[in-house]
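Structure, as structure tokens:
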Amino acid sequence: MLRTLTNAFKGPAQARAAHRQALRLNPGITLGVNQLQTLCPADGGDDAEAPIFVLSAGWRSGSTLLQRLVMSDPSVLIWGEPYDECGLIQALADSMKAFRPGWPPQEYFYDGTPPDQLTGEWIANLFPSLEDWRKGQRALFDAMFAMPAKRAGAKRWGIKEVRLTAEHCAYLRWLYPKARFLFLIRNPLEAYRSYCRYGRSWYDVFPHRPVFTPTAFGRHWKMLAEGMLDQAISLDAQVIRYEDLISGKVDLTGIERYLGTNLDHAVLNKKVGSSERGGEKAKVNALEKWLLRRAVSPLAEQLGYK
């Protein structure tokens, strides 16, 4: 009787045990991508596409300035947070989490049997190949971002974003093995102060992940910054501090070599637009500072941000 009740309310014991084991493995985007890379390697080869992804640890961190710098090469078009609140890249990358040893089973993949001979076979699970899976995902990026950029006259394209994690970059690297990544990090207090000028009304993904509070802002900053610092080497990414960028301490020629571009360094001295609203300075009170500090600690202190 007890087993019957348990099965009715919690599911079979074997299924629950398998679920616990799956959770212990901590399935994530990177693990899924690694599994796919093992089964369906993407090494670049003759692939000429080398998109540039300009990513910052949250809002108001100077990503648009860096975007403008990269686009000072006339052959490059960097899209700015395209359809940002839709969470398109995040959703596609999340689908990688399901890939793990033993799934999908090899027998699920289509083996080339003519369709008219399949009616007598077990076809409840009939999958296209993993290479088709990769090509299908990449086709969306090619159609949405690469082709419009080329119609505009650009030879290369990229995306500037303030929401993507290092795990999302692992997914993008699987789609585009020659992709280039620039990671930008700014003092979270200064970034938050600037964010306040815009009303603190933005979303990570609409409508369930708002970033309205200093705690939410700080957690978002910390999650992104930690991943960028931890995975920069494995992703062959360049990490840039905003403070170094605007003070002239960044080796711009090194960035040019890394990206394969010719940049107009003078762009950094040209101000476009303003974050000021009516000339008023944003005020961050003591409570907000305390909440923000708690959310970004200890990483912010380790980076020298006070």
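Checked against the criterion of being in contact with a strand residue (DSSP E or B) (Cβ under 6 Å, 6 or more places away or on another chain) and either closer than 30 Å to Asp46 by Cα or at pLDDT below 95 (or both), the stretch 131-143 has no qualifying residue. Do we find a residue being surrounded by fewer than 17 Cβ atoms within 10 Å (Cβ to Cβ) and at positive phi anywhere in the stretch 221-234? No, the conditions are met nowhere in the stretch 221-234. Applying the criterion of being in contact with a helix residue (DSSP H, G or I) (Cβ under 9 Å, 6 or more places away or on another chain) and not in a strand (DSSP E or B) to the residues of the stretch 117-128, the residue that is farthest from Ala42 (Cα to Cα) is Trp122. Once the stretch 48-61 is narrowed to residues that are surrounded by fewer than 22 Cβ atoms within 10 Å (Cβ to Cβ) and of a type in the set (Gly, Ala, Ser), the residue that is farthest from Asp236 (Cα to Cα) is Ala48. One residue stands out in the stretch 69-91 among those that are among the aliphatic types (A, V, I, L, M) and under 18 Å from the mean Cα position of the chain (by Cα): the one that is farthest from Tyr171 (Cα to Cα), namely Ile78. The test for being without any contact (Cβ under 8 Å) to a residue 40 or more places away in the chain and either surrounded by 11 or more Cβ atoms within 10 Å (Cβ to Cβ) or of a type in the set (D, E, K, R) (or both) holds for Arg138.
Checking Ser194, Ser201 one by one, the residue that is more than 30 Å from Pro105 (Cβ to Cβ), in contact (Cβ under 8 Å) with a residue 40 or more places away in the chain and surrounded by fewer than 19 Cβ atoms within 10 Å (Cβ to Cβ) is Ser194 and no other. Among the residues of the stretch 19-47, those that are loosely packed, with under 11 Cβ neighbours inside 10 Å and either touching a Ser or Thr at 6+ places or on another chain (Cβ under 7 Å) or part of a helix (DSSP H, G or I) (or both) comprise Arg20, Gln21, Leu23, Arg24, Thr38. Is it the case that Ala225 is touching a strand residue (DSSP E or B) at 6+ places or on another chain (Cβ under 6 Å) and not hydroxyl-bearing (Ser, Thr, Tyr)? Considered against the rule, which asks whether it is touching a strand residue (DSSP E or B) at 6+ places or on another chain (Cβ under 6 Å) and not hydroxyl-bearing (Ser, Thr, Tyr), Ala225 comes out as yes. Filtering Asp73, Asp84 for residues that are in contact with a helix residue (DSSP H, G or I) (Cβ under 9 Å, 6 or more places away or on another chain) and surrounded by 15 or more Cβ atoms within 10 Å (Cβ to Cβ) leaves a single hit, Asp73. Residue selection: Leu126 fails the criterion of being in contact (Cβ under 8 Å) with a residue 40 or more places away in the chain, hydrophobic (A, V, I, L, M, F, W, C) and either within 27 Å of Gln21 (Cα to Cα) or surrounded by fewer than 13 Cβ atoms within 10 Å (Cβ to Cβ) (or both). Filtering Pro114, Pro41 for residues that are free of Cβ contacts under 8 Å to residues at least 12 places away in the same chain, out of contact with any helix residue (DSSP H, G or I) (no Cβ under 7 Å at 6 or more places or on another chain), closer than 17 Å to Tyr171 by Cβ and not aromatic (Phe, Trp, Tyr) leaves a single hit, Pro41. Only a single criterion out of (1) part of a helix (DSSP H, G or I); (2) over 19 Å from the mean Cα position of the chain (by Cα); (3) among the aliphatic types (A, V, I, L, M) is not satisfied by Leu172, namely (2).
Suppose we keep only residues that are assigned to a loop (DSSP other than H, G, I, E, B) and either loosely packed, with under 10 Cβ neighbours inside 10 Å or among the polar types (S, T, N, Q) (or both) within the stretch 293-306. Which one would you say is modelled with the lowest pLDDT? Here the answer is Lys306.
The values are calculated or read from the model by the stated rules, or taken from the named source; none is laboratory data. This is a predicted model, so every value here is computed, not measured. For neighbour counting, all protein chains shown are included, and Cβ atoms are generated from backbone atoms with ideal geometry for every residue, glycine included.
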